[in-house]
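Read the figures in this text as sums done on the coordinates, not as results from a lab. Since this is a predicted model, take the numbers as computed values, not measurements. Using ideal geometry, Cβ is built from the backbone for each residue, glycine included, and neighbour counts are taken over all protein chains shown.
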Amino acid sequence: MMINLTMKTTMMMPMLAGVLAGSCVFAGYALLRSLKHLRARCGELESSVAALRRELDLVAAVASRTGTRLKRIEQEDIDLGERIARVEARGEPRRFDAAIDSARSGAEPDKLAERFGLSEGEAALVTRLHGRSKRA
């Protein structure tokens, strides 16, 4: 009986080694497939990150331009507020009367705009309508 048990044990060892080797081969194959899948997914993620970086750069550029525009608009608002204050301080009807008198005296449009708070267009119109005609 002892011989029989020893024989069975010695025959089982190669079978167990074969099963173990087969399991290792299968596990290695499964790991290789997983690694291949993970590498492909990593490539997809890297591509997505690159696309997100490009998009973020575009957003940053737009934000920068928007900030610049906002600063310009704020400055225009300040300038407009100052101009409105000058107009209110001088009084609307008297302002145009005084600008017309200055234009008749030969004042240039830029001086009228500065002195009476007129826009460039208003100053040019007052000069054209009421200023001295220049003769060559």
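Here are some notes:
- Only one of the listed residues (55, 44, 82) is in a helix (DSSP H, G or I) and more than 28 Å from the chain's Cα centre (by Cα). That residue is 82.
- Any pair with Cβ under 6 angstrom, 6 or more apart, that starts in region 119-133 at a residue that is closer than 10 Å to residue 104 by Cβ and ends at one that is among the basic types (Lys, Arg): 130/104
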